[in-house]
Amino acid sequence: MTRIVSGFAGSLSLAVPRSGTRPTSDRVREAIFSSLEAMDAVQGMNVLDLYAGSGALALEAVSRGAASAVLVEQNGQAAGVCKANSAAVLKASERARTGIRPRVDVRQTSVRSYLAQPARPSFDLVFLDPPYDVSDEELSGVLSALVPRLREDALVVVERSARSPEPHWPDALELVRTKSYGETAVWFAQPAAPSQPE
């Protein structure tokens, strides 16, 4: 069973797609968000969840005070689960009477198609938890395509099997932290500071 760990929707159970996704365990999600909250990277942020699956990562952020979330999921059944879970979290927000009015948008499209759409930089926090069949080369291309959508102080969180190599970061992103949780490895990156002229 997957559930929201903390925040106004804490302990809310989430539906999980029947197949084709690899939900982040509650234990790993709690550890990721402990790191993010220590970095002040959740409250009031605009969140993007690529390869959203059940949407648990983005919806955990919303429950903990993120201002908005976009969930991108190509699989139709999984996108339907994202919509149902989003509705449940927004309903919990209304019941909690927190005064927070988060916005959640589910996009049923491929990650590359979504990132190819013209838009100004708009995200503070981005999650990527790609399926096992996403190659290192494809992930590298996605990270490069993501860069124009990031605000200058954004944080990018990549979750993969601990047996996977570290992602190949584009020059515009730099690794700031790595964590391992059993079979799961998590990398935190941010936009690289512009190089200073010599």
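Consider the range 162-198 and keep the residues that are of a type in the set (S, T, N, Q) and farther than 24 Å from A38 by Cα. The one that is most open to solvent (accessible area, probe 1.4 Å) is Q196. Scan the range 110-131 for residues that are open to solvent by 50 Å² or more (accessible area, probe 1.4 Å) and in contact with a Lys or Arg (Cβ under 8 Å, 6 or more places away or on another chain) and the total you get is 2. Quick check: is even one residue across the range 159-181 closer than 20 Å to L59 by Cβ, outside any helix (DSSP H, G or I), at pLDDT 95 or above and β-branched (V, I, T)? No; the residues of the range 159-181 include none that is closer than 20 Å to L59 by Cβ, outside any helix (DSSP H, G or I), at pLDDT 95 or above and β-branched (V, I, T).
Can you name the number of the only condition in (1) without any contact (Cβ under 8 Å) to a residue 60 or more places away in the chain; (2) crowded, with 21+ Cβ neighbours inside 10 Å; (3) farther than 26 Å from E37 by Cα that A154 fails? Exception for A154: condition (3). All of L50, L59 fail the test of being farther than 23 Å from I100 by Cα, open to solvent by less than 10 Å² (accessible area, probe 1.4 Å), in contact with a helix residue (DSSP H, G or I) (Cβ under 9 Å, 6 or more places away or on another chain) and of a type in the set (A, V, I, L, M, F, W, C), apart from L50. Is there a residue being in contact with a Pro (Cβ under 6 Å, 6 or more places away or on another chain) and of a type outside the set (S, T, Y) anywhere in the range 88-110? Checked the range 88-110: no residue is in contact with a Pro (Cβ under 6 Å, 6 or more places away or on another chain) and of a type outside the set (S, T, Y).
Is there a residue being in a strand (DSSP E or B), over 21 Å from L71 (Cβ atoms) and open to solvent by less than 70 Å² (accessible area, probe 1.4 Å) anywhere in the range 97-109? Looking for residues that are in a strand (DSSP E or B), over 21 Å from L71 (Cβ atoms) and open to solvent by less than 70 Å² (accessible area, probe 1.4 Å), one finds none in the range 97-109, hence no.
Condition (residue is of a type in the set (D, E, K, R), crowded, with 17+ Cβ neighbours inside 10 Å and more than 20 Å from R151 (Cβ to Cβ)) applied to the range 62-71: is it met by at least one residue? No, the range 62-71 contains no residue that is of a type in the set (D, E, K, R), crowded, with 17+ Cβ neighbours inside 10 Å and more than 20 Å from R151 (Cβ to Cβ).
Quick check: is even one residue across the range 72-88 open to solvent by 40 Å² or more (accessible area, probe 1.4 Å), hydrophobic (A, V, I, L, M, F, W, C) and either part of a loop (DSSP other than H, G, I, E, B) or modelled with pLDDT under 95 (or both)? No: zero hits. Every condition in (1) assigned to a strand (DSSP E or B); (2) closer than 23 Å to A66 by Cα; (3) touching a Leu at 6+ places or on another chain (Cβ under 9 Å) holds for V186 except the one numbered (3).
For the range 13-43, the set of residues classified as open to solvent by less than 40 Å² (accessible area, probe 1.4 Å) and either part of a loop (DSSP other than H, G, I, E, B) or touching a strand residue (DSSP E or B) at 6+ places or on another chain (Cβ under 8 Å) (or both) consists of L14, P17, T24, D26, V28, A31, I32, S35, L36, A41, V42, listed by residue number. Only residues that are on the phi < 0 side of the Ramachandran plot, of a type in the set (G, A, S) and without any contact (Cβ under 8 Å) to a residue 60 or more places away in the chain were counted across the range 5-51, and they come to 6.
The values are calculated or read from the model by the stated rules, or taken from the named source; none is laboratory data. In this text the structure is predicted, and so the values were computed from the model without any measurement. Quick reminder, even Gly has a Cβ in these numbers, built from the backbone with ideal geometry, and neighbours come from all protein chains shown. With ligands, DNA and RNA removed, areas are computed over all heavy atoms of the protein, side chains included. Shrake-Rupley method; radii C 1.70, N 1.55, O 1.52, S 1.80 Å.
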